[in-house]
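Here is the structure we will look at.
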Amino acid sequence: MRAVAVFPGKKQVQLIDTEAPRALGEGEVRLRMLEVGVCGTDREIASFQYGTPPEGSEFLVIGHESLAEVIEIGKGVTRVKPKDLVVTMVRRPCPHADCPACRAGRQDFCLTGDFTERGIKGRHGFMTEQIVDHERFMHVVPQALREVGVLTEPLTIAQKGLNELRAINTRLPWSSAGGTRKPKAVVLGAGPVGLLGVMSLIEEGFETYVYSRSKKPNPKAALAESIGAPYISSEECPVESLPERVGNIDVVYEATGASRVSFDVMRVLGTNGVFIFTGVPGRKAPTPVDTDLLMRNLVLKNQVVFGTVNAGFDAYQNSIDALTKFDRRWPEQLRKIITGRHAIDAYAGLLQGAESGIKDVIRIAA
Ligand SMILES: NC(=O)c1ccc[n+]([C@@H]2O[C@H](COP(=O)([O-])OP(=O)(O)OC[C@H]3O[C@@H](n4cnc5c(N)ncnc54)[C@H](OP(=O)(O)O)[C@@H]3O)[C@@H](O)[C@H]2O)c1
Ligand SMILES: [Zn+2]
Ligand SMILES: [Zn+2]
């Protein structure tokens, strides 16, 4: 069975021949991988900055954004059946009895840090022909989403963020009562995380703008504008001018991984605004921040700043439901987020070569 494996010890990424997964235990399911998405996390693992092989293994099979087909079910399986399309969750609970988050099935909030993640930390991932996992980590995807189901996992970032935003905004008694004022959101960054955030926020009822680096015209800007989100380039519009363009910024959804521009935009977050961080920057030299201004704004404007790492069980389900809505509303644009489909042999260029397009996907089986 072919698999893409990272060997941190010898700093190599290789297509290996590995054993087919074990026989099925109670509640377990065998999947045939159809597609695996490639993201910045995979590229970081393939440059040996990140990623941990399972205990006792010198390599880690990479890949965490998946779409697969059920080919065999073990005893007692009730949630999936053969031929179902499924997406398998990435993060797994830590073993500690006193971790309330993991014991509540919310390993995305794990307190000990001893969680594992398939394809990232301590567990092999999905860039291989078959996997076996427990049904409790699987979500059925409607057959109608065959072409875009691989976007489920990256979309969980925005969907978990939205779940938390809704919880925070229950503090505003008018938020659920409608009203005439349309809330406004600015998405920072126009990569896959940003664009899926744009779709999520528009669907949630926000007048949504994109603030990102590259000047127009460019394909990401065109995609954002074709679904009704004006694109503003940070090279053409300084942060200070954003409120003029947008009005009161109710939500910032950060998807750049760039801390400087993010803290700059935090300065113009509006009254009662919520700033959602999703980016994971590499550590660089410290840069100055106007702490008095940020603290005054946080207090005097009732602001909330939070970060979110994906994702819990509910965010996967929300993500699949959201994909169904996006597919009805923007079928063409949703498909345009996947800019390349490649054979598994193209792994080296995708993981270690120059970045191109929006979301690249490795097609493992037809
Ligand atoms: N929270 C989580 O669980 C989670 C999971 C996966 C990934 N992430 C993080 O999510 C972030 C976004 O991921 P992605 O795959 O969408 O990344 P990406 O494809 O690299 O896209 C980043 C976008 O941000 C823009 N950008 C970068 N630096 C900028 C700056 N200084 N000013 C303005 N715009 C800037 C880029 O502009 P150009 O188009 O001009 O290059 C690009 O549009 C990453 O930091 C990643 O680590 C988080
Ligand atoms: Zn990813
Ligand atoms: Zn835990």
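Read-outs: derived from the displayed coordinates by stated rules, not from any lab. If you're wondering where the values come from, they're calculated on a predicted model, not measured in any experiment. Backbone-built Cβ (ideal geometry, glycine too); neighbour counts: all protein chains shown.
The GluC sites (Glu not before Pro) found in region 1-52 that occupy coil by DSSP, while having at most 14 further C-beta atoms within 10 Å, are Glu19, Glu26. A DSSP coil position with no more than 11 other Cβ atoms inside 10 Å describes the following trypsin sites (Lys or Arg not before Pro) in region 1-98: Lys10, Lys11, Arg22, Lys75, Lys83. Against the chain, whose longest principal axis comes from its Cα atoms, helix 313-329 is set at around 70 degrees. Once the C-beta distance of Asp290 and Asp314 is scaled by a Förster radius of 45 Å, the resulting FRET efficiency is 0.75 to the nearest 0.05. For Gln130, the residues whose amide H sits under 5 Å from its own are Met33, ignoring neighbours fewer than 5 places away on the same chain, with H placed 1.01 Å from N. Of interest is the spacing of the C-alpha centroids, which for region 50-100 and region 328-366 amounts to 22 Å. Between Met1 and Leu24, the C-beta separation translates, for a Förster distance of 22 Å, into a calculated FRET efficiency of about 0.90.
Helix 291-300 and the long axis of the chain differ in direction by around 80°, with both axes built from C-alpha atoms. Of the peptides 167-174, 315-322, 237-244, the ranking by mean beta-carbon count within 10 Å, highest at the top, reads 315-322, 237-244, 167-174. Does the chain come out rounded, prolate or oblate by the C-alpha gyration tensor, with a ≥ b ≥ c the root eigenvalues, rounded set by a/c under 1.5 and, if not, prolate when a/b is larger than b/c and oblate if not? Because a/c hits 1.5 or more and a/b exceeds b/c, the chain counts as prolate. For region 156-172, putting each phi into the Karplus relation 6.51 cos²θ - 1.76 cosθ + 1.60 with θ = phi - 60° gives couplings of 4, 4, 5, 5, 5, x, 5, 4, 6, 4, 4, 4, 5, 6, 5, 5, 9 Hz, in residue order, rounded to whole numbers and with x for Gly and Pro. Longer than 25 Å from Cα to Cα, which of Lys215/Lys325; Lys215/Lys336; Lys83/Lys160; Lys325/Lys359; Lys184/Lys216; Lys83/Lys121 are they? Say none if no pair is. As for pairs spanning more than 25 Å Cα to Cα, those are Lys215/Lys325; Lys83/Lys160; Lys83/Lys121. The string of couplings for region 22-30 from the Karplus curve (6.51, -1.76, 1.60, θ = phi - 60°) is 4, 4, 7, x, 4, x, 9, 9, 9 Hz, one whole number per residue in order, with x for Gly and Pro.
DSSP beta bridges confined to the chain are antiparallel in about 55 percent of cases.
Among the trypsin sites (Lys or Arg not before Pro) in region 181-257, those located in a DSSP loop and surrounded by at most 15 other Cβ atoms within 10 Å of their own Cβ are Arg181, Arg213, Lys215. Give, as a single signed number, the net charge of other residues whose beta carbon lies under 9 Å from the beta carbon of Ser66, with Lys and Arg counted +1 and Asp and Glu -1. It works out to a net charge of -2. Taking Cβ atoms as reference points and 14 Å as the exclusive limit, the residues near Gly113 contribute a net charge of -1, counting Lys and Arg as +1 and Asp and Glu as -1. In order along region 270-283, phi translates into HN-Hα couplings of x, 5, 6, x, 10, 10, 10, 8, 10, x, 10, x, x, 7 Hz, rounded to whole numbers, per the Karplus curve 6.51 cos²θ - 1.76 cosθ + 1.60 with θ = phi - 60° and x for Gly and Pro.
Extension gain for Ala365 to Ser226 (0.36 nm times residue separation, less C-alpha to C-alpha distance): 46.9 nm.
Its DSSP H runs of at least 4 residues, each contributing -39,500 (n - 2.57), put the calculated 222 nm mean residue ellipticity of the chain at -7500 deg cm²/dmol, to the nearest 500. Build a GNM of the chain with springs between Cα atoms under 10 Å apart, and of Asp42, Asp292, Asp327 the one that fluctuates most is Asp292. Take the alpha-carbon centre of region 179-231, take the same for region 113-127, and report the distance between them in whole Å. So the two Cα centres are separated by 31 Å. Expressed as a rounded percentage, what relative contact order does region 16-106 have, with Cα pairs under 8 Å and six or more residues apart? This gives 30 percent for region 16-106.
Taking the average, over residues, of other Cβ atoms within 10 Å as the packing measure, peptides 258-270, 192-204 rank 192-204, 258-270 from highest down. In this label model, Leu111 and Phe48 are separated by 3.8 nm, measuring between points 7 Å along each Cα→Cβ vector.
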